[in-house]
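Notes follow once the structure below has been shown.
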């Protein structure tokens, strides 16, 4: 990868990576650090990474860096055991985006990540599997269970409107 291609990858993908990380960890400074660490790792491995594969490499690296930082801060929770304890959202309407953010915070890190990659960033199942080092069937299961948990938490659309 040339310096021009590296700079182009920064222009093309840094905002998307930042949004993805920020949606997961809700800490703007930490998200910026993760994006910077990701591009630093790309710079170190620039000769090994093809420009055609740089998007996948960047999102994979950012995802793994985020998980490492979360584990380091011991904020990892496991929702699969707690799906029944989520309850439903019955408060007054606070804005659909706010309600969705609250619902996403209820998911485990893996479920939140795969749902954000699929629904916010538009990745295909096989691309998500490559980014997260999960099998394609695991990705589908996490997305399905995450969406069920979101549906249960949010309840019906009439509650929100």
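Values quoted throughout were computed directly from the atomic coordinates according to the rules given, and no laboratory measurement underlies them. Worth saying up front: this structure is predicted, and the values here are computed from it rather than measured. Reconstructed Cβ throughout: ideal geometry from the backbone, glycine too, with neighbour counts over all protein chains shown.
In table form, for the structure just shown:
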| read-out | value |
| --- | --- |
| Cα convex hull of segment 3-72, projected area averaged across orientations, nm² | 4.3 nm² |
| Order of 114, 3, 54 under a 10 Å beta carbon neighbour criterion, fewest first | 3, 54, 114 |
| Ranked list, fewest to most other Cβ atoms within 10 Å of each Cβ, for 117, 42, 100 | 100, 42, 117 |
| Residue order, fewest to most beta carbons within 10 Å, for 127, 4 | 4, 127 |
